[in-house]
Amino acid sequence: METAIRVWHIPLSVTATPEAWNLLDAKERTKAERFVRDVDRNRYVGAHAGMRRILAAEASCRPTDLHFAVAAKGKPFLVGSALRFNLSHSGDHAVLAISAGADVGIDVETTAPNADRITHLVLSDRELGAYRRLAPSERETAFLRVWTRKEALLKAIGCGLLRDPRSVTVDVGEQVADGSAAVELDGTIWHLRDFAIAPDTSGCLAANSPIPPISILSIDV
Ligand SMILES: CC(C)(COP(=O)(O)OP(=O)(O)OC[C@H]1O[C@@H](n2cnc3c(N)ncnc32)[C@H](O)[C@@H]1OP(=O)(O)O)[C@@H](O)C(=O)NCCC(=O)NCCS
């Protein structure tokens, strides 16, 4: 059965307003203060202020009333709420997936890695075979798709990259026309859906519930 999943785009600015800082808790402020570059600090503040505003609207409370904790392998969750969520940020963009019933993971990337140099660290044997059969001009896009799918899936499960990305296959070179796929992992079917929030971005949402085509909501911070 399909469970409602919403995806929000939070455009990030190189500056962070005092209002955004005021929404953060002590842990988030400490983390923000540790960034070396102002631009990274401000993007983090914007992403977390946006996330708090969106989650608070869903939970019918104030953004500062939300309490976060992290599970054993690092996945953040809301204390005292059944809402499940996952955040990803890259460059000027953050994305947030929210669901009341499904486990969700999300990834967005704004830059393409040097694929040929890291395929052996990321791709399963089956993916590597398919990747090598691609024309060189197709490889970057294919790698980015497989990377965002893999990261979204591992974030949905909650282990992130603590689990070897080579141990899961999300299908390089066999993309379904509508950008969706399903993967069985440890007895659970995980659904994947690719999306783009801007021409220079790749993203994927993963959930343990079927995912209909995504309409992306947007908030300004
Ligand atoms: C989690 C991980 C995949 C994030 O990758 P990334 O490309 O840097 O970042 P993204 O922007 O896509 O996602 C970052 C967000 O994912 C969330 N996140 C962190 N750990 C997570 C996990 N284990 N599972 C799901 N989501 C996680 C956080 O909200 C984080 O945002 P924040 O740092 O602003 O709070 C990666 O850092 C990782 O797997 N690390 C290993 C796990 C780890 O070190 N855990 C430490 C505690 S045991």
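See the values below:
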{"quantity": "Residue of Ala57, Ala206, Ala32 that the Gaussian network model of the chain assigns the largest fluctuation, springs spanning Cα pairs under 10 Å", "calculated": "Ala57"}
{"quantity": "Among 84-91, 10-17, the order from most to least packed when residues are scored by Cβ within 10 Å on average", "calculated": "84-91, 10-17"}
{"quantity": "Helical contribution to [θ] at 222 nm, DSSP H n ≥ 4, -39,500 (n - 2.57), averaged over the chain, rounded to 500", "calculated": "-11000 deg cm²/dmol"}
{"quantity": "Cut-off under 5 Å, modelled amide H: who pairs with Ala94 long-range", "calculated": "Ile10, Leu12"}
{"quantity": "Under Karplus coefficients 6.51, -1.76 and 1.60, residue-wise ³J(HN,Hα) of the stretch 55-69 in Hz, glycine/proline x", "calculated": "5, 5, 5, 5, 8, 6, 9, 8, x, 7, 7, 6, 10, 9, 9"}
{"quantity": "Anchor Lys150: aspartates and glutamates whose Cα lies under 16 Å away (excluding residues fewer than 8 positions away in-chain)", "calculated": "Asp103, Asp107, Glu109, Asp125, Glu127, Glu140, Asp164, Asp171, Glu174, Glu184, Asp186, Asp194"}
{"quantity": "Whole-Å distance, taken between Cα centres, linking the stretch 1-43 and the stretch 115-169", "calculated": "27 Å"}
{"quantity": "Least to most buried among Arg29, Arg6 (fewest other Cβ within 10 Å first)", "calculated": "Arg29, Arg6"}
{"quantity": "Taking Ser99, Ser81 and counting other C-beta atoms within 10 Å, the order from fewest to most", "calculated": "Ser81, Ser99"}
{"quantity": "Cβ-Cβ FRET estimate between Arg117 and Phe77, R0 fixed at 35 Å, reported to 0.05", "calculated": "0.50"}
{"quantity": "Stretch gain in nm, segment Thr30-Thr15, where the contour uses 0.36 nm per residue and the Cα spacing is subtracted", "calculated": "3.7 nm"}
{"quantity": "At R0 = 41 Å, FRET efficiency that the Cβ-Cβ distance of Phe68 and Ala135 yields, to 0.05", "calculated": "0.40"}
{"quantity": "Tilt relative to the chain, helix 136-157 - C-alpha long axis, 0 to 90 degrees, to 10", "calculated": "50 degrees"}
{"quantity": "Residues Asp164 and Ile189, FRET efficiency given R0 of 22 Å [Cβ-Cβ distance, rounded to 0.05]", "calculated": "0.60"}
{"quantity": "Kirkwood Rh and Cα Rg combined as Rg over Rh, evaluated for the stretch 5-218", "calculated": "0.97"}
{"quantity": "Rel. contact order, % - alpha carbon contacts under 8 angstrom, at least six apart, the chain", "calculated": "25 percent"}
{"quantity": "Cβ-based exposure ranking for Lys31, Lys155, in which fewest neighbours within 10 Å come first", "calculated": "Lys31, Lys155"}
{"quantity": "Residue-span extension gain [Asp125 to Asp38] - 0.36 nm each, minus C-alpha spacing", "calculated": "27.3 nm"}
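Values in this text are rule-based calculations from the coordinates and carry no lab data. Since the structure is predicted, the reported quantities are computational estimates derived from the model, not experimental observations. Cβ coordinates were reconstructed from backbone atoms using ideal geometry, including for glycine residues, and neighbour counts include every protein chain displayed.
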